[in-house]
């Protein structure tokens with residue numbers, strides 16, 4: 001697992017900008033001059049000639065100076081420093097596949113995440129029910145582009161074809177993949193195969209929780 005997916009940023013900024021060419025360039029220019037690195041950026045809520053930009057930064061040497069320079073930009077009308085998405089939502093479990101199986105995996109994952117989050121962990125669970133080889137393959141590959149995604153659970157009765165190389169690709173990006181024990185070639189490409197969907201959800205959370213004594217490396221390639 002790529003532990004950098006669970007690393008909190010040094011600074012999270014929520015910046016309101018004039019929605020015009022060059023505004024984002026000015027913002028990133030200030031960040032660059034301060035030697036900070038952009039770990040994550042989202043552009044949201046475009047309306048009335050304004051746009052909100054959420055940025056998570058690493059390697060921030062002087063927080064106050066950076067914020068002061070951002071506030072001086074002509075395109076900036078507001079700067080806030082909210083808790084980061086890592087602090088609020090933490091690492092993410094992504095569940096996709098057939099509706100009935102997804103629901104059972106979610107039951108296990110949400111119940112287990114609640115147990116760890118009460119103890120100070122931060123793990124969130126997201127899902128999308130999907131059918132069709134092309135849809136599933138595209139969704140699996142997209143997990144690598146999701147911020148803080150740490151583990152993917154594939155829940156269905158049959159998965160293979162183009163979904164299988166997609167699974168291998170996201171595993172190479174450091175994402176743990178757990179598959180239900182299903183027909184098709186996907187189980188052979190996953191890190192772990194679990195027959196019971198509720199248990200698959202539980203094990204997905206345990207695999208990334210700091211407060212769990214479970215090491216995916218010790219059971220990788222096994223079936224339960």
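The values are calculated or read from the model by the stated rules, or taken from the named source; none is laboratory data. All values reported here derive from a predicted model rather than from experimental measurement. Every residue, glycine as well, gets a Cβ built from its backbone with ideal geometry; the counts of neighbours run over all protein chains shown.
If residue 108 passes every condition in (1) over 15 Å from residue 177 (Cβ atoms); (2) at pLDDT below 95; (3) surrounded by 14 or more Cβ atoms within 10 Å (Cβ to Cβ) but one, which one does it miss?
Answer for residue 108: the failing condition is (2).
Quick test for you: out of 33, 16, pick the one residue that is modelled with pLDDT of 90 or more, assigned by TED's automatic domain parsing to the domain that holds residue 70 and under 10 Å from residue 75 (Cα atoms).
After applying the criteria, what remains is 16.
Out of the residues in the range 73-105 that are within 18 Å of the chain's Cα centre (by Cα) and exposed (fewer than 13 other Cβ atoms within 10 Å of the Cβ), state the one that is modelled with the highest pLDDT.
Among them, the one singled out is 83.
If you take the residues of the range 149-163 that are surrounded by fewer than 20 Cβ atoms within 10 Å (Cβ to Cβ) and touching a helix residue (DSSP H, G or I) at 6+ places or on another chain (Cβ under 8 Å), which of them is farthest from residue 195 (Cα to Cα)?
162
When only residues in the range 37-91 that are assigned to a helix (DSSP H, G or I) and in contact (Cβ under 8 Å) with a residue 40 or more places away in the chain count, which is nearest to residue 19 (Cα to Cα)?
Looking at residues that are assigned to a helix (DSSP H, G or I) and in contact (Cβ under 8 Å) with a residue 40 or more places away in the chain, I get 70.
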